[in-house]
Amino acid sequence: MRKDISTPQSTKAILEKHGFTFKKSLGQNFLIDRNILNNIVNAADLTEDSGVIEIGPGIGALTEFIARASKKAVAFEIDQRLLPILEETLAPYPHVEIIHSDVLKANIHAVIKEHFEEGQDLMVVANLPYYVTTPIIMKLLQDKLPIRGIVCMIQKEVADRLAASPGTKDYNSLSIAIQYYATAETMIKVPKTVFVPAPNVDSSVIKLTLRKEPAVEVKDEEFFFEVVRASFAQRRKTLWNNLTSKLVTKDKKEELQAILEEIEIDPKRRGETLTIQEFGKLADALLPLIK
Ligand code: SAM
C-alpha cells in the first residue's frame, strides 16, 4: 500500500520538494497523525456512496482519508501554491476534485449540483483554518445546503461554545445560532503536537448534525438572531438592561414589561439562562413592538 501523505516524513519531503512555506494568515496547520485523521473521517459515518465537501485540503492529508472512505470528494482551497502539490499527492484518487476558491465566496449550491448526484448522502469534513472558523460554519448552515452534517476540527474554545448548554459559561449567541440549525457534539480533543507547524491553541473535532427543521419555529429568523445578539450584548447585565439598551427604545419600556410578564420571562434573568425556545418566544412577542 502507498505511504500516507500525512506521515511526518512524507509531509516534510513534500514541503521540501515544492519549497512550500506556511502562511499563518491562511491558518495553515497541517495534520501529521493518522489516528486523528481516521477519527475525523470515522466521525462522519461515511459509506461508499457518500459525497464529501472538504474545505482547505492543504497538501491532501485529510483529503486522502476522505477519498478512501467516499465515492466522490470536492475540496475548496484558497492558496494557489498548493494546487500543483495537490495534483501530485492526490493523483491516485481521480474521484477527488480540487476547486481553487475562497470557500466564503463560493456558490456551494452550484458546486453540489455540478459534482454530486441528487439525494446523495453529503457531509462536509474539514480541518478548518482557525482565522475564519465561525464565518465558514455559519455560511454552511445559513446557505441551507443539502448536507447531512459537518465534521470539523476547530479551536477547542470555539468548539466548547458551539456545543454549550444554557446557563454555562461558554453559552453565547454563537451556541444558539449553531443549535438553531444543528445538534452539536464534541467528538475528540486534539493536542497541538499533531500539526505542523503546531498552533498556539488546542483543538477539538466537532460534529454538527443538521436538523430537519430549525430547533424553534419563529416568525422572522433575522429578528430572532437580532434579539439573541442583543440579549448577550453584555453578559453581566440582565435581560432587561440588554434589551432596553440595544433593542427597545425608552418610550416602549412599559410595553416590554407587559410582554415579558405575559410570556413569563423574568426581566432580571441574564440572557445566558434562556433556552433557544424561550428566545423564540421572546422574539415572536417583541416583533410587533420593534418592526
Ligand atoms: N486539510 C489540511 C490538513 O488537515 O492537513 C490543511 C488544513 S489547514 C488548518 C487549513 C487549510 O485551509 C489551508 O490549506 C489553507 O490554505 C486553507 N484555507 C484558508 N482559508 C481558506 C478559505 N477561505 N477558503 C478555502 N480554503 C482556505
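The values are calculated or read from the model by the stated rules, or taken from the named source; none is laboratory data. For clarity, every value in this text was computed on a predicted model and none was experimentally measured. Methodologically, a virtual Cβ is constructed for each residue, glycine included, from the backbone with ideal geometry; neighbour enumeration extends over all protein chains shown.
Brief remarks follow.
- Taken over region 145-157, the criterion of being part of a helix (DSSP H, G or I) and touching a strand residue (DSSP E or B) at 6+ places or on another chain (Cβ under 8 Å) is satisfied by Lys156 alone.
- The C-beta contact set for region 5-21 (first residue under 21 Å from Ala67 (Cβ atoms) and touching a residue at least 40 places away in the same chain (Cβ under 8 Å), second residue among the small types (Gly, Ala, Ser) and in a loop (DSSP other than H, G, I, E, B), distance under 8 angstrom, 6+ apart or interchain) comprises Ile5/Gly60.
- Any hit, region 219-228, residues being out of contact with any Ser or Thr (no Cβ under 6 Å at 6 or more places or on another chain), at pLDDT 95 or above, assigned to a loop (DSSP other than H, G, I, E, B) and at negative phi: yes
- The set of residues from region 60-73 being among the aliphatic types (A, V, I, L, M) and surrounded by 24 or more Cβ atoms within 10 Å (Cβ to Cβ) comprises Ala61, Leu62, Ile66, Ala73.
- Of residues in region 35-50 being small (Gly, Ala, Ser) and within 18 Å of the chain's Cα centre (by Cα), the one surrounded by the fewest Cβ atoms within 10 Å (Cβ to Cβ): Ala43
- Within region 66-114, the set of residues being near the ligand (Cβ under 9 Å from one of its atoms) and in a helix (DSSP H, G or I) comprises Arg81, Leu82, Val103, Leu104, Lys105.
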